[in-house]
Amino acid sequence: MPESIIRLENINFAYDSKVVLKNVNLEINRGTFMGLVGPNGGGKTTIIKILLGLIEPDSGKVFINNQPINKFKDWNKIGFVSQKANTFNKGFPATVFEVVSMGLTAKLGYLKFLNKKAKQQVLHAINQVGMSEYAYRNIGDLSGGQQQRVFIARALVSEPDILILDEPTVGIDFKNVERFYELLHKLNTEQNITMLLITHDTGAMTNYATNIVCLNQTLHFHGRSEEYSALSTEDLSRIYGHPVQVIVHDHD
Ligand code: ADP
């Protein structure tokens, strides 16, 4: 029996009179790598805010780990990585180690000195994202792609069930985007961390996601990644409401 991590039932939401989500039903089971795609303004960020409990739907129900969201307490099991726009500027005075250790403070409260076990957890998370050699470098001196890996490590340090990523590859160059997706794929397949990835980069992402949902007020597509890749450009244009050009990145 698949284990439900997130379930949305009949979600409706409007900002004042502007309807953004209509009757959205979505279930994400443990181990899934779900790509959330759709046109700008389609409601992707709004739905993430709803499932993080930041805004309440006008109607409908949200369950996390099978618990109604208002009863759910274990928020450190839900990792969130936002767009690169929130990254640190050059010269920001914190090392990779310090930034990743912030991921533990939600669980442990602010700690001036981490005990040995906590230090090992931080170093392990840094190692998981392949950044060990940068552990004591200043975060501001790293490239955008490297900084995003550090943010993944910060989320990993509390051993999340799911990572929710809102357009994490914006501003990262193509080669590093591929490597970034490979990291997410590895965490998904080797550690069974469920992934929910919002992206515009449908070409590369379909190589890694197991499932795709396309949101434009309602869910216009919900299925396996292979089925999404098989949609014609006409189907996609209908879903997106404007012409869509699909760019396919093949893997050798
Ligand atoms: P996406 O992430 O798919 O681009 P959003 O969820 O950000 O879509 O936005 C959906 C719609 O809601 C858009 O038309 C946007 O302009 C509108 N919207 C988003 N945030 C607000 C807000 N705080 N107040 C009013 N309208 C908003």
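So which residue, out of Glu182, Glu159, Glu234, gets the largest mean-square fluctuation from a GNM of the chain using Cα contacts under 10 Å as springs?
Sorting by GNM fluctuation, first place goes to Glu234.
Find the all-direction average of the projected area of the Cα convex hull for the chain, expressing the result in square nanometres with one decimal place.
Result: 14.9 nm².
Roughly speaking, to the nearest percent, how much of region 4-240's 1.4 Å accessible area is carbon and sulfur? List each step's numbers first, then the result.
On the way: 5390 of 11250 Å².
Accessible surface attributable to carbon and sulfur in region 4-240 totals 48 percent.
Enter the accessible area per residue of the chain (Å², integer; probe 1.4 Å; all protein chains in place).
51
GNM, the chain, Cα, under 10 Å: largest mean-square fluctuation among Ile126, Ile28, Ile50?
In the Gaussian network model the winner is Ile50.
The values are calculated or read from the model by the stated rules, or taken from the named source; none is laboratory data. All values reported here derive from a predicted model rather than from experimental measurement. Keep in mind that these areas ignore ligands, DNA and RNA; they rest on the heavy atoms of the full protein, side chains included. Shrake-Rupley method; radii C 1.70, N 1.55, O 1.52, S 1.80 Å.
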